[in-house]
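J.: Got a structure for you, questions after.
The values are calculated or read from the model by the stated rules, or taken from the named source; none is laboratory data. The structure displayed is predicted, hence computed values, not measured ones. Neighbour counts run over all protein chains shown; Cβ positions are idealised from the backbone, glycine included.
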Amino acid sequence: MSDSKQDKLIIFDTTLRDGEQSPGASMTKEEKVRIAKTLEKMHVNVIEAGFPIASPGDFEGVQAVAQTIKDSTVCGLARALDKDIDRAGEALKDANSGRIHTFIATSPIHMQMKLRMEPDQVIEQAVRAVKRARQYTDDVEFSPEDAGRSEPEFLCRILEAVIDAGATTLNIPDTVGYNVPEQFGNLIKTLKEGIPNSDKAIFSVHCHNDLGLAVANSLSAVMNGARQVECTINGLGERAGNASLEEIVMAVKTRKDIFPCSVDHIDTTHIVPASRLVSGITGFAVQPNKAIVGANAFAHESGIHQDGVLKNRETYEIMLAEDVGWSANRMVLGKHSGRNAFRTRLQELGVEFSSEDELNDAFSRFKDLADKKHEIYDEDLQALVTETNMATENEFCRLVALKVCSETGETPEANITLSVDGEEKLAVASGGGPVDATFKAIEKIVCSETELQLYSVNSITSGTDSQGEVTVRLEKGGRIVNGQGSDTDIVIASAKSYINALNKILEPAEREHPQAGDV
């Protein structure tokens with residue numbers, strides 16, 4: 001590779017694929033496109049849109065992103081199997097720039113216990129997969145799954161073979177988050193130096209966060225020659241998540257004196273909007289002290305800190321909040337805002353309406369919200385669009401009316417009316433609190449036999465008139481889903497989120513093997 005290519009750190013975002021593998025974090029096709037458009041605005045180099053063979057929904061999601069995105073490369077994941085690669089190639093055929101990412105396990109425990117294959121057979125299958133992928137695109141990435149626990153000598157053998165077969169990117173995943181920074185950095189250095197044709201491919205890393213070291217391991221790899229990092233918005237991903245995109249980008253950007261590459265092509269002002277969008281769609285709240293995108297990331301309470309920042313910002317701040325999107329491009333809408341202003345602002349946020357009816361539905365919800373709260377911010381609009389999408393998909397159950405009585409010294413009671421398959425049904429239930437009573441009333445009607453695993457409430461914006469955003473996680477028969485709902489009334493938001501989760505979990509699961517794409 002030329003020095004000019006080595007100097008740029010390629011940002012590969014896998015929020016839509018690995019991020020979606022977080023329990024309950026499934027996204028609709030429309031939601032994937034919304035997130036992809038935001039990533040494109042950020043100038044992310046590669047967007048891994050999904051795992052096309054996993055389900056018809058995954059295929060359609062990758063296809064829709066491939067048809068929409070023009071400036072970023074769109075990637076589809078595939079096991080080293082002919083049917084996977086062909087499905088990925090079909091999903092990506094309309095992409096302006098497409099990549100197939102194929103993988104096979106290479107650690108002794110995975111080869112013996114999962115694949116039940118000999119090392120030479122694994123190499124043969126990897127080579128065949130890369131060659132087949134090259135029939136669809138010249139941009140082929142190969143990952144040796146569980147590379148972090150693989151034998152370096154075997155990695156050198158298989159990676160040399162797949163480069164000869166046509167792989168242009170070699171991704172080294174720490175699949176189970178087992179490595180530590182010095183060890184992982186040395187692995188990248190060993191591979192680059194030990195593979196005769198390593199100069200013909202870009203080295204990438206994909207680190208999981210089981211020990212809280214995903215970002216540190218990724219950055220150590222960069223210091224040792226990796227020039228692509230696979231990461232996700234908010235560090236979303238399976239188990240403890242992945243390396244956080246915002247932390248990788250801002251670490252390299254802030255410490256230009258240390259890193260031998262740059263991320264100057266990334267428009268960092270879209271980081272916070274992307275974080276909020278992903279959080280709103282998935283229902284995974286961002287912790288207040290999360291680096292870069294947490295609510296407290298640029299807050300100072302200590303008197304010494306406040307005094308120092310007032311005298312000179314650089315005494316305690318190493319980044320500008322505005323550089324990552326805090327308080328930038330915030331347009332406040334209200335009850336007097338018209339349809340055009342509403343549509344225009346949503347277009348700026350990457351939201352397009354497929355029909356006039358869809359716009360009218362969203363605008364009607366906007367007006368209802370404007371009657372409840374004085375100022376409506378971008379975060380409110382994102383939540384509103386998410387709720388509009390939820391209302392048009394899998395809505396076998398819908399909230400019609402809710403009345404809750406709660407007073408000191410009395411047992412709360414909920415009186416609820418639901419539309420179930422078009423038939424209105426009424427139930428009354430009491431509970432330990434208004435939310436508990438509401439959920440019990442819903443269950444009297446639906447009888448879902450689900451288990452509530454999570455109930456979480458977050459404020460979308462500041463102020464006592466802020467919308468509350470509620471996330472509910474339900475489990476049934478090993479299947480886990482998240483539901484979201486928002487309203488200025490927390491109890492109503494809770495009912496919406498519970499019903500949203502029910503609508504998802506009572507539909508048959510499409511995804512055949514949700515863990516099969518773990519690299």
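J.: Residues of region 369-428 being part of a strand (DSSP E or B), of a type in the set (Val, Ile, Thr), buried (at least 16 other Cβ atoms within 10 Å of the Cβ) and modelled with pLDDT under 95, which ones?
T.: Scanning region 369-428 gives a single hit, ILE376.
J.: I would also like to ask the following. Sort out which residues of region 84-98 are in contact with a strand residue (DSSP E or B) (Cβ under 7 Å, 6 or more places away or on another chain) and surrounded by fewer than 20 Cβ atoms within 10 Å (Cβ to Cβ), and write them in order of number.
T.: GLY89, SER97
J.: Would you say SER107 is surrounded by fewer than 20 Cβ atoms within 10 Å (Cβ to Cβ), hydroxyl-bearing (Ser, Thr, Tyr) and either in the same structural domain as THR14 (by TED's automatic domain parsing) or in contact with a helix residue (DSSP H, G or I) (Cβ under 6 Å, 6 or more places away or on another chain) (or both)?
T.: No.
J.: Here is a further query. Exactly one condition in (1) surrounded by fewer than 19 Cβ atoms within 10 Å (Cβ to Cβ); (2) closer than 25 Å to LEU170 by Cα; (3) of a type in the set (Asp, Glu) is not met by ASP58; state its number.
T.: Going through (1) surrounded by fewer than 19 Cβ atoms within 10 Å (Cβ to Cβ); (2) closer than 25 Å to LEU170 by Cα; (3) of a type in the set (Asp, Glu) one by one, ASP58 breaks only (1).
J.: Quick one: which of PHE259, PHE203 is assigned to a loop (DSSP other than H, G, I, E, B), farther than 30 Å from ILE480 by Cβ and of a type in the set (Phe, Trp, Tyr)?
T.: Within the list PHE259, PHE203, the selection yields PHE259.
J.: Moving on to the next point. Picking from VAL252, VAL229, which residue would you name as being among the hydrophobic types (A, V, I, L, M, F, W, C) and more than 19 Å from ALA147 (Cβ to Cβ)?
T.: Numbers: VAL229 fails: more than 19 Å from ALA147 (Cβ to Cβ).
After ruling out the rest, the residue left standing is VAL252.
J.: Can you pull out the residues in region 42-85 that are touching a Ser or Thr at 6+ places or on another chain (Cβ under 9 Å) and in a helix (DSSP H, G or I)?
T.: Passing the criteria: GLY57, GLY61, ASP84, ILE85.
Matching residues to (1) modelled with pLDDT of 75 or more; (2) touching an Asp or Glu at 6+ places or on another chain (Cβ under 8 Å); (3) not assigned by TED's automatic domain parsing to the domain that holds GLY19:
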{"residue": "VAL278", "(1), (2), (3)": "yes, no, no"}
{"residue": "GLN287", "(1), (2), (3)": "yes, no, yes"}
{"residue": "ALA291", "(1), (2), (3)": "yes, yes, yes"}
{"residue": "PHE298", "(1), (2), (3)": "yes, yes, yes"}
{"residue": "GLU301", "(1), (2), (3)": "no, no, yes"}
{"residue": "ASP307", "(1), (2), (3)": "no, no, yes"}
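J.: Another question, then. Picking from GLY177, GLY185, GLY148, GLY212, which residue would you name as being small (Gly, Ala, Ser) and under 22 Å from PRO119 (Cα atoms)?
T.: GLY148
J.: Looking at (1) over 23 Å from the mean Cα position of the chain (by Cα); (2) surrounded by fewer than 18 Cβ atoms within 10 Å (Cβ to Cβ), can you tell me which one VAL446 breaks?
T.: Of the numbered conditions (1) over 23 Å from the mean Cα position of the chain (by Cα); (2) surrounded by fewer than 18 Cβ atoms within 10 Å (Cβ to Cβ), the odd one out for VAL446 is (2).
J.: Counting only residues that are of a type in the set (A, V, I, L, M, F, W, C) and assigned to a strand (DSSP E or B), which one in region 225-256 is nearest to GLY350 (Cα to Cα)? Don't jump to the end; show me each part of the working.
T.: The first filter runs over region 225-256 and keeps only residues of a type in the set (A, V, I, L, M, F, W, C), leaving 226, 229, 231, 233, 236, 240, 243, 245, 248-252.
So of that shortlist, the ones also assigned to a strand (DSSP E or B) come out as 229, 231.
On the way: VAL229: 25, CYS231: 21 Å.
Ranking the candidates gives CYS231 first.
So that you can scan it fast, the table gives a plain yes or no per residue for (1) among the acidic types (Asp, Glu); (2) farther than 23 Å from ASP139 by Cβ:
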residue	(1), (2)
ILE163	no, no
LYS189	no, yes
ASP199	yes, no
ASP210	yes, yes
SER220	no, yes
ARG239	no, yes
THR269	no, yes
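J.: Do we find a residue being among the polar types (S, T, N, Q) and touching a residue at least 40 places away in the same chain (Cβ under 8 Å) anywhere in region 424-431?
T.: no
J.: Restricting to region 447-461, count the residues that are of a type in the set (Val, Ile, Thr) and in a strand (DSSP E or B). Break it down stepwise before answering.
T.: Step one: of region 447-461, the residues of a type in the set (Val, Ile, Thr) are 450, 457, 460-461.
In the following step, the residues that additionally are in a strand (DSSP E or B) were identified as 457.
Matching residues across region 447-461 total 1.
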